[in-house]
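The values are calculated or read from the model by the stated rules, or taken from the named source; none is laboratory data. For clarity, every value in this text was computed on a predicted model and none was experimentally measured. Counting neighbours? That spans all protein chains shown, and the Cβs are built from the backbone with ideal geometry, glycine included.
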């Protein structure tokens, strides 16, 4: 595998990696390049030929070329990997209007992914809230809250970019179904995510073990066409 700029001479290209596999002429072969973050893998007939990490370029162009020699291509396809769902709230800065500090049930326990710790308000009143700062505006696709107990918690979830103007993305203020885990799907953009417990069963307090905010990470198809194309080539000899 070689990498370089199409405007410079081939001799100035950098060899990233090389390898060999059994190869017969005058027959069809399958060539596959897999890009994942900084990793590039090259396969011929499903056999790994080269595996390398390179950070030279953050964008490029997918293309095929045969130089001055005769080559035939068939069934060419470009496929983007499925996005990965991530918990954007994990261990991010948080705050709450109330904490049961006497028992150690403080706000940071609510997004530490530890099933033995929890956030709990300091009394059994309704409308206590808990909030996470994601650090910057993110594309959001949903949330998950694992409550202290299996109960019909009433709640709403709001999103904000400036911690001042809020948009409600989940409204479960009329919920009557008992669950220990509530999952809600939505699409929104925001930096701050706040959950407010608006109603509780008798003898229940606003309290949960974990609150997750989901987003997706994965390839950006537009990156293939950003700026001048830089090329990764596989030379078959």
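Of the residues 179, 194, the single one that is surrounded by 19 or more Cβ atoms within 10 Å (Cβ to Cβ), closer than 24 Å to residue 125 by Cα and either modelled with pLDDT of 95 or more or within 20 Å of the chain's Cα centre (by Cα) (or both) is 194.
The condition (being touching a strand residue (DSSP E or B) at 6+ places or on another chain (Cβ under 9 Å), under 26 Å from residue 181 (Cα atoms) and either modelled with pLDDT under 95 or not assigned by TED's automatic domain parsing to the domain that holds residue 206 (or both)) is satisfied by just one residue among 106, 157, 85, 141: 85.
When we screen 98, 117, 102 for residues that are surrounded by 15 or more Cβ atoms within 10 Å (Cβ to Cβ), more than 14 Å from residue 212 (Cα to Cα) and over 29 Å from the mean Cα position of the chain (by Cα), the only hit is 98. Which of the residues belonging to the stretch 153-174 are closer than 17 Å to residue 206 by Cα, in contact (Cβ under 8 Å) with a residue 24 or more places away in the chain and not in a strand (DSSP E or B)? Within the stretch 153-174, 153, 173 meet the criteria. For residues in the stretch 82-95 being without any contact (Cβ under 8 Å) to a residue 60 or more places away in the chain and either in a loop (DSSP other than H, G, I, E, B) or farther than 16 Å from residue 210 by Cα (or both), which is farthest from the chain's Cα centre (by Cα)? Per the criteria, the residue is 93. As a summary of the residue check, residue 152 satisfies the conditions (1) within 18 Å of residue 198 (Cβ to Cβ); (2) within 29 Å of the chain's Cα centre (by Cα) except for the one numbered (2). Before we move on, is residue 159 in contact with a helix residue (DSSP H, G or I) (Cβ under 8 Å, 6 or more places away or on another chain), within 19 Å of residue 107 (Cα to Cα) and buried (at least 16 other Cβ atoms within 10 Å of the Cβ)? When the stated conditions are applied, residue 159 does not pass them.
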